[in-house]
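Here it is, the structure in full.
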Amino acid sequence: MKLIAITSCSTGIAHTYMAAEALEIAAKDIGWNIKVETQGSVGAKNVLTQEDIEAADAVVIAASTSVNKDRFHGKRLYEVDVNDAIKNGQQVLKDSLQAPIYGGAKQTETIKVEKESNNNFKGIYAHLMTGVSYMIPFVVAGGIMTALSFAFGGINSEGAIAEAFKTIGGTAMGLMWAALGGYVAFLYF
């Protein structure tokens, strides 16, 4: 069997790659071939080619975000949450062979309506996790700079170098709120 998959989570960090690895291990254990495209925070990696798609027996989309399915017309398309792929990789792969054939716009609209009605909370969660994902670098940088200010100037950050680290750290910590707010409002397509 030849399968292809796309993994994507709302933050595009850990679960995207954990699901990809789980599907690759599950396919290897079964004795099947799989190519997994990851759509993470750094963009798409290991992108599926048209040849990969044409040769595939089925497509697995393990995502907690929306994934463009236009290129999979005429293929068996099985959609699950990333957590399902992580926990039950072999079962997901086996179930994909029984999935309906993806047929176009009418089917896409039906699936979209069902998902919207069942998962209103999922959209809010995705927005919050996107904001948190982009906020983390500011928190880390601010924390490191503040720690360096203590290392160079003691608990009161005395001295020019310590004061500079303290100022930079405080600024980074202040910017984390702007990053959180901006990316919570950011709509990912």
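Which residues' amide hydrogens lie under 5 Å from the amide hydrogen of Ser10, considering only partners 5 or more residues apart or on another chain, with H built in the peptide plane?
Ser64
Here's something else I'd like to know. Which one of Leu77, Leu48, Leu175 has the biggest mean-square fluctuation once the chain is modelled by GNM with Cα springs under 10 Å?
Sorting by GNM fluctuation, first place goes to Leu175.
Relative to the longest principal axis of the chain, what angle (0 to 90°, nearest 10) does the C-alpha long axis of helix 160-184 take?
So the inclination is approximately 30 degrees.
Computed FRET efficiency, Cβ-Cβ of Val139 and Ile25, R0 45 Å: what is it to the nearest 0.05? Write down the numbers at each step before the final one.
Numbers: r = 32 Å, r/R0 = 0.72.
Calculated value: 0.90.
Then there is this: Report the charge-dipole magnitude of the chain in Debye, nearest 20, computed about the Cα centre from +1 at each Lys and Arg Cβ and -1 at each Asp and Glu Cβ.
160 debye
Continuing with the same structure: Quick one: Karplus J couplings for region 31-43, per residue in order, coefficients 6.51, -1.76, 1.60, θ = phi - 60°, nearest Hz, x for Gly and Pro?
Once θ is set to phi - 60°, the couplings for region 31-43 become x, 9, 9, 8, 10, 10, 8, 9, 10, x, 5, 9, x Hz.
Based on the alpha-carbon gyration tensor of region 2-80 and its eigenvalue square roots a ≥ b ≥ c, which shape applies: rounded if a/c is under 1.5, prolate if not and a/b is larger than b/c, or oblate?
oblate
If you don't mind, there's one more thing I want to ask. Based on the Kirkwood radius over alpha-carbon pairs, what value in µm²/s does the Stokes-Einstein equation return for the translational diffusion coefficient of the chain at 20 °C and 1.002 mPa s?
115 µm²/s
Simple spin-label model, 7 Å along Cα-to-Cβ: Ile53 to Ala178 in nm?
About 4.0 nm separates the two model spin labels.
Further question on the same structure: Given an 8 Å cut-off on Cα distances and at least 6 residues of separation, report the relative contact order of region 1-89 as a percent.
Contact order relative to length: 37 percent.
For the chain, what's the relative contact order in percent, using C-alpha pairs closer than 8 Å and at least 6 residues apart?
Contact order relative to length: 19 percent.
Amide H of Gly40 versus every other amide H placed in the peptide plane: which residues, excluding those fewer than 5 positions away on the same chain, fall under 5 Å?
Counting only residues 5 or more places away or on other chains, the set is Lys45.
Let me ask something additional. In the chain, what percent of the accessible surface is made up of carbon and sulfur (1.4 Å probe, ligands and nucleic acids excluded)?
Whole-percent figure for carbon plus sulfur exposure: 61.
Let me ask you something else. Using helices alone, what [θ] at 222 nm do you get for the chain, with -39,500 (n - 2.57) per DSSP H run of 4 or more residues, divided over all residues and rounded to the nearest 500?
-19000 deg cm²/dmol
How charged is the neighbourhood of Leu97? Take every other residue with its Cβ under 13 Å from the Cβ of Leu97, and add Lys/Arg as +1 and Asp/Glu as -1.
+2
OK, next. Considering only the chain, what is the antiparallel percent among its DSSP beta bridges, to the nearest 5? Please report the intermediate quantities before stating the final value.
Values: 4 of 20 bridges.
For the chain, the DSSP antiparallel bridge percentage is about 20.
Using a 1.4 angstrom probe, figure out how much accessible area the chain has per residue, in square angstrom, rounded to the nearest whole.
Ligands and nucleic acids excluded, the figure is 57 Å² per residue.
The values are calculated or read from the model by the stated rules, or taken from the named source; none is laboratory data. Bear in mind the structure is a predicted one, so any value in this text is a computation, not a measurement. Positions of Cβ are generated from backbone atoms using ideal geometry, with glycine treated the same way; all protein chains shown enter the neighbour counts. Remember, those area values only see protein heavy atoms, side chains included, never the ligands or the DNA or RNA. Shrake-Rupley method; radii C 1.70, N 1.55, O 1.52, S 1.80 Å.
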